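Enquirer: If you scroll down you'll find the structure; I have some questions about it.
The values are calculated or read from the model by the stated rules, or taken from the named source; none is laboratory data. If you're wondering where the values come from, they're calculated on a predicted model, not measured in any experiment. No Cβ is skipped: glycine too gets one built from the backbone with ideal geometry, and neighbour counts run over all protein chains shown. These area figures cover heavy atoms from the full protein model, side chains too; ligands, DNA and RNA do not enter into them. Shrake-Rupley method; radii C 1.70, N 1.55, O 1.52, S 1.80 Å.
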Amino acid sequence: MRRVVILCTVPLLVLAAAGAGLFVWNSQQQQAGPAEPGAVPSTSSTPSTDGAPSGDASELTGEQQAAKAISSCRREVALAESVLGAAGDGTGHWREHVQAQTDLTLGRNTDAQTKAIFKRSKLAGPSDVAKYQTAKAGYKAESGACKAVKGADEEQTDHLAVCRARLDKVTSALTNADLVMKDWSNHLADMRKSAGGEVHDAQAVWLDTWRKAPPNLEKYAAAMDTLAKTKSCPR
């Protein structure tokens, strides 16, 4: 996946943003629809048992146990990847939202262009959050998934190792996706509170959020880049 770099000159731009971007918070308020939490389309389907043998583990040979382990491992990776896929739209929209403020402050966006980006990304926000939360709630990581199995043949051992490495990278990406989605969700909540008159100095709140957003976005982008270079589970 191509890594998108968020400009990290934010601390130096805050003073400029206070002037050049003063309209931002109010424009977000005017264009925002009601923000309800909401979830992301899964990108992976849960694999079948792939013909793995059934029966009591004590009655199975090492190779049969390994076949079952590989099947369970593939399923675990697919489930984890589906949750990660559910974060895709939300992380993208939040990145656009933050970048719009950065570009406005640098003079790369006009007021009209910035307003349009804010409107488009923010209106998608409630669905972004709901999709991610739904996917996350339906997934519980299996302890010990993809661990080595005694008695597995060479090919099975290799398959488990590849899948285990894949699962590790997916898990890392999920951790970072969760941080980004929390930032997005929190900003949407701030917008709701502001619309209800509950936020004092809403513009300052937004600028503080904007300044703090890049690190989590960068970590997520790096984790996704690493995942893209990691082998998928063998079939």
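Enquirer: Any chance the range 164-172 includes a residue that's surrounded by fewer than 22 Cβ atoms within 10 Å (Cβ to Cβ), modelled with pLDDT of 95 or more and small (Gly, Ala, Ser)?
Expert: yes
Enquirer: Just one of (1) in contact with a Gly (Cβ under 9 Å, 6 or more places away or on another chain); (2) surrounded by 14 or more Cβ atoms within 10 Å (Cβ to Cβ); (3) of a type outside the set (A, V, I, L, M, F, W, C) trips up LYS136, so point out which.
Expert: Condition (1) is where LYS136 drops out.
Enquirer: What number of residues within the range 63-79 satisfy the criterion of being farther than 17 Å from LYS169 by Cα and either open to solvent by less than 60 Å² (accessible area, probe 1.4 Å) or hydrophobic (A, V, I, L, M, F, W, C) (or both)?
Expert: First pass over the range 63-79, keeping only residues farther than 17 Å from LYS169 by Cα: 63-72.
Among the residues that remain, those that are also either open to solvent by less than 60 Å² (accessible area, probe 1.4 Å) or hydrophobic (A, V, I, L, M, F, W, C) (or both) are: 66-67, 69-72.
Summing the residues that are farther than 17 Å from LYS169 by Cα and either open to solvent by less than 60 Å² (accessible area, probe 1.4 Å) or hydrophobic (A, V, I, L, M, F, W, C) (or both) in the range 63-79 gives 6.
Enquirer: OK, next. Could you check how many residues of the range 189-213 are closer than 18 Å to GLY92 by Cα and buried (at least 21 other Cβ atoms within 10 Å of the Cβ)?
Expert: 2
Enquirer: If we scan the range 176-184, do we find a residue that is surrounded by 14 or more Cβ atoms within 10 Å (Cβ to Cβ) and over 25 Å from LEU79 (Cα atoms)?
Expert: no
Enquirer: Within the group GLN203, GLN156, which residue is over 23 Å from ALA86 (Cβ atoms) and in contact with a Phe, Trp or Tyr (Cβ under 6 Å, 6 or more places away or on another chain)?
Expert: Testing whether each residue is over 23 Å from ALA86 (Cβ atoms) and in contact with a Phe, Trp or Tyr (Cβ under 6 Å, 6 or more places away or on another chain) leaves just GLN203.
Enquirer: Given THR46, THR91, THR102, which one is at pLDDT below 95 and of a type in the set (Ser, Thr, Tyr)?
Expert: Just a single option satisfies the conditions, and that option is THR46.
Enquirer: I need the full set of residues from the range 132-168 which are basic (Lys, Arg) and part of a loop (DSSP other than H, G, I, E, B), in order please. Explain how you work it out, then say what you get.
Expert: So in the range 132-168, the residues basic (Lys, Arg) come out as 136, 140, 147, 150, 164, 166.
Passing the criteria: LYS140, LYS147, LYS150.
Enquirer: Kindly provide the set of residues from the range 80-112 that are open to solvent by less than 30 Å² (accessible area, probe 1.4 Å) and of a type in the set (A, V, I, L, M, F, W, C), ordered by number.
Expert: Correct list: ALA80, VAL83, LEU84, ALA86, ALA87, TRP94, VAL98, ALA100, LEU104.
Enquirer: Taking the condition of being farther than 20 Å from VAL98 by Cβ and part of a helix (DSSP H, G or I), how many residues in the range 196-235 meet it?
Expert: Counting residues in the range 196-235 that are farther than 20 Å from VAL98 by Cβ and part of a helix (DSSP H, G or I) gives 3.
Enquirer: Being part of a helix (DSSP H, G or I), of a type in the set (Gly, Ala, Ser), more than 28 Å from GLN203 (Cβ to Cβ) and open to solvent by 10 Å² or more (accessible area, probe 1.4 Å), is that true of even one residue in the range 119-131? Steps first, answer last, please.
Expert: The first filter runs over the range 119-131 and keeps only residues part of a helix (DSSP H, G or I), leaving 119-131.
Restricting the remaining residues to those that are of a type in the set (Gly, Ala, Ser) gives 121, 124-125, 127, 130.
If we keep only those that are more than 28 Å from GLN203 (Cβ to Cβ) as well, we get none.
No, the conditions are met nowhere in the range 119-131.
Enquirer: Restricting the search to the range 216-235, which residues are open to solvent by 70 Å² or more (accessible area, probe 1.4 Å) and modelled with pLDDT of 95 or more?
Expert: The answer is LYS219, LYS229, LYS231, SER232.
Enquirer: Suppose the filter is modelled with pLDDT of 95 or more, assigned to a helix (DSSP H, G or I), among the basic types (Lys, Arg) and under 20 Å from TRP210 (Cβ atoms); does ARG108 pass it?
Expert: No.
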